[in-house]
Structures are given as structure tokens and as C-alpha cells.
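The values are calculated or read from the model by the stated rules, or taken from the named source; none is laboratory data. The structure presented is a predicted model; accordingly, all values stated were derived computationally and were not measured. Note that each Cβ is placed from the backbone with ideal geometry, even for glycine, and that neighbours are counted across all protein chains shown. These area figures cover heavy atoms from the full protein model, side chains too; ligands, DNA and RNA do not enter into them. Shrake-Rupley method; radii C 1.70, N 1.55, O 1.52, S 1.80 Å.
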2 protein chains.
Amino acid sequence: MKPDEIRRFREVMRQMQRNLGLLSKSDAACCGITVAQCHALLEVGRSGEITLFNLASVLGLDTSTLSRTIEGMVRIGLVERKVNPRDRRYLSITLTERGEQVYVDINRTFDQFYADIFAVIPEDKHAQIFESLHLLSTAMDSNIDPNCREELINEQPAK
Amino acid sequence: MKPDEIRRFREVMRQMQRNLGLLSKSDAACCGITVAQCHALLEVGRSGEITLFNLASVLGLDTSTLSRTIEGMVRIGLVERKVNPRDRRYLSITLTERGEQVYVDINRTFDQFYADIFAVIPEDKHAQIFESLHLLSTAMDSNIDPNCREELINEQPAK
DNA sequence: CTGATTAGTTGTATAATACAACTAATGTAT
DNA sequence: ATACATTAGTTGTATTATACAACTAATCAG
């Protein structure tokens, strides 16, 4: 791996990250919900039923953040939130009928997005791309750990 | 591309997007700056000199957002902001010495991150991954509303 | 010269987020 | 079984990131 290859690769990843952000944003906007709600919705839909704590874990967010996101979704009628009678600490979060509708809709849009993308890529590359992303994603998962060196900047006297 | 393949692919992309977000965050935190500052810093460093307007275009952000981000960076001594005497509407944004230091440092960290990732991937897959990501990124670019990109950038020496 | 365009700033609003302090429920150990 | 610990979730508070609209100042075009 040569340095300039890494740089080019970083550039591609950065661009892709930006594109993925735009995708979420426009998809959510299309359905009249926020990006955070969109992500939560997809996860609740996928699980069928999930606790707030688990949802926060899956999304990598604090429970306080999720609590408020879900509050908003309850208010606009996307999900239902009820206490689990077996252990009254847990919430059971599920999609309402309307939530289900939006879920299906967003899923369709995302699927279409990727279908469109692969439509403009030669078919004989598809398997390779699939494998590559899988390798990359797996490698990343095992490499993410925030070990900091806290030296560089703290507070610079404003000139 | 079969529906369930697309779903799995989406899942991988989502995970990667999350990992990339974490990466930016921990890198920025390590250097005592915010994520927005980190991205701006990388872009200013890459260009050497850039106007606020062009920087906003490259990053896909509103100039008001960038104006405040740069304000913060000036305050902590990362960049310098001076009026272009040839056209006094333009700012010329450049790295300070300290900004240069942090720029080099962040670049090193990002490079290392990707080097580490590729280190755990069989070498004979590297070229394939490069090609795949390139294909994917290009396909995405042409599928995303090409609202804010290259055509707005007129005058900067690179690197 | 006047009106239009352009770069940047400021006012305001909102989304997304974390951390800390809290409540309520449940588990555990003496 | 009582007291302490742990867990799920909420609320208070603060910060970051962001956009849009209204504005100023500079420059361009007719």
C-alpha cells in the first residue's frame, strides 16, 4: 500500500461518506421525518419489536438521545411504546400501522437507490464489489477503537 | 442484484457509514477539535489556500455554517483569514503554523487507520477493493443530485 | 451611475447528540 | 427480607452542526 494510494482511497471514502449522508437526508426529508427518526424507524422495522436500550446499542447512541427521538416518533404516530409487563423497566417499541407504511416506503427508496447504482456498474463487477465492501467493513469493525493522544491542542490564546 | 443481496449490501454500507463517523469523531477529539473543524482543516490543508465560498462548496455546506466554523478555527489559531486585495469580497483562508501541525497529525492518523485496515486484509484483495470502491463511488456520484460540486471551484492551486 | 450579482456575516431556528442526575424496577448478598 | 447494586429509561443542560433569511460590502454589467 503506497502512501498516494491510501490518499486516493481516503478521498473516495470521504466522497462516499458524504453521498451516504445526502442519501439519508433526502430520503428522510421525502417522508417528512428527520434523519435520526429515519434510522430508528429502519431499525425498529427490522427488529419488529425492540427495547429502547437495545435500539440505542444497535444505533450506537446514548439512551437519552434515543428516548427523545422515540418520543418524537410516538408524537407523530410512527411507533408505539409500551411497558413490558414481565419487566416493567423495559419498553417494547413497535411500528404503528402508519410507521409500517413509512418503513416500507423508505426501504423501497433505499433499495431503489442501490439498484440504480448497480444498474450503471458492469454486472461482472457486482460480486467483486460485494466481497470488497464486506472485507472492508469487517476489517473496519475490528479496527475501530478510540485511543487518543491528548497532546496537541487545548486552548490557544486568542491573538 | 437480488433483493436480499441489496439488503445485505445496504447493511454493510450502513455499518461502514457509522464506522467512518466514529473515525472522524475520535480523530478530531484526539486533536482537541470538532468534527466540522477537522473536515475544514483537511480541506484547507489540501488546497493550501481557499476562499470561504469554495470551501463551503467542497464540503457541501452553507457559507453561514462555514463562516462560523472558520471563526472558531481562527480563534483557536488553526487558520488565518485575510481579505484578498484583488477582490475584497473574497477571503483567503490558509493554515497557520499550528494548523499545519494539526493537519499533518490528522492526516497521519487517517493514513494509519487505513493502513491498519488494509493490513488485516489479504494483499491479493487490495487492488480489487480499490477498484470496487472507485466504481461504487463514481456510480453514486452520478446518481446523487450533483448539486454542489466541482463546477463552482475556479481558482485554487492544489497541494 | 444604477441595478444586479457575489462573498461573507449575523440572527434565528432546529436537529442531533452526550453526560449527569434522577426515578422506578429488578436483582443479589448477607 | 432488607439493604445495596444494577438496569432501563427520562429529564435537565450544554454543545455541535446545520440551514435559511436578512443583511453588508464589494464588484460587475449595461
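The residues neighbouring B:MET1, those whose beta-carbon lies less than 12 Å from its own, together hold a net charge of 0 under the Lys/Arg +1, Asp/Glu -1 convention. Histogrammed with a bin width of 5 Å, the alpha carbon distances of segment B:1-40 distribute as 6, 24, 18, 14, 12, 9, 9, 7, 2 percent, first bin at zero. Here chain B has an Rg and Dmax of 18.1, 58 Å, counting Cα atoms alone. Starting from the label point of A:VAL104 at 7 Å along Cα→Cβ, the same points in the other copies fall at 5.9 nm, in ascending order.
The GNM of chain A, with springs linking C-alpha atoms under 10 angstrom apart, assigns the highest mean-square fluctuation among A:LEU136, A:LEU41, A:LEU91 to A:LEU136.
Shown for B:ARG86: label points 7 Å from Cα along the beta-carbon vector, and their distances to the equivalent points in the other copies, 7.2 nm in ascending order. For the pair B:VAL104 and B:MET1, how long in nm is the line joining their label points, each one 7 Å along Cα→Cβ? The answer from the label model is 4.3 nm.
The residues neighbouring A:PHE130, those whose beta-carbon lies less than 14 Å from its own, together hold a net charge of -1 under the Lys/Arg +1, Asp/Glu -1 convention. Roughly how large is the B-A contact in terms of buried accessible area, totalled over both chains, probe 1.4 Å, nearest 100 Å²? That pair hides around 6700 Å² of surface in total. Residues considered: A:GLN37, A:GLN101, A:GLN17. Largest GNM mean-square fluctuation over chain A, using C-alpha springs under 10 Å, is found at A:GLN17. Share of carbon and sulfur in the accessible area of chain B stands at 52%, probe radius 1.4 Å.
Over all distinct Cα-Cα pairs of the protein assembly as shown, the Kirkwood formula returns a hydrodynamic radius of 21.6 Å.
Across B:PHE110, B:PHE53, B:PHE130, mean-square fluctuation computed from a Gaussian network of chain B (C-alpha pairs under 10 Å connected) peaks at B:PHE130. With a 1.4 Å probe rolled over the protein heavy atoms of all chains, the accessible area of A:ASP27, B:ASP4, B:ASP87, A:ASP124 falls in the order A:ASP124, B:ASP4, B:ASP87, A:ASP27, largest first.
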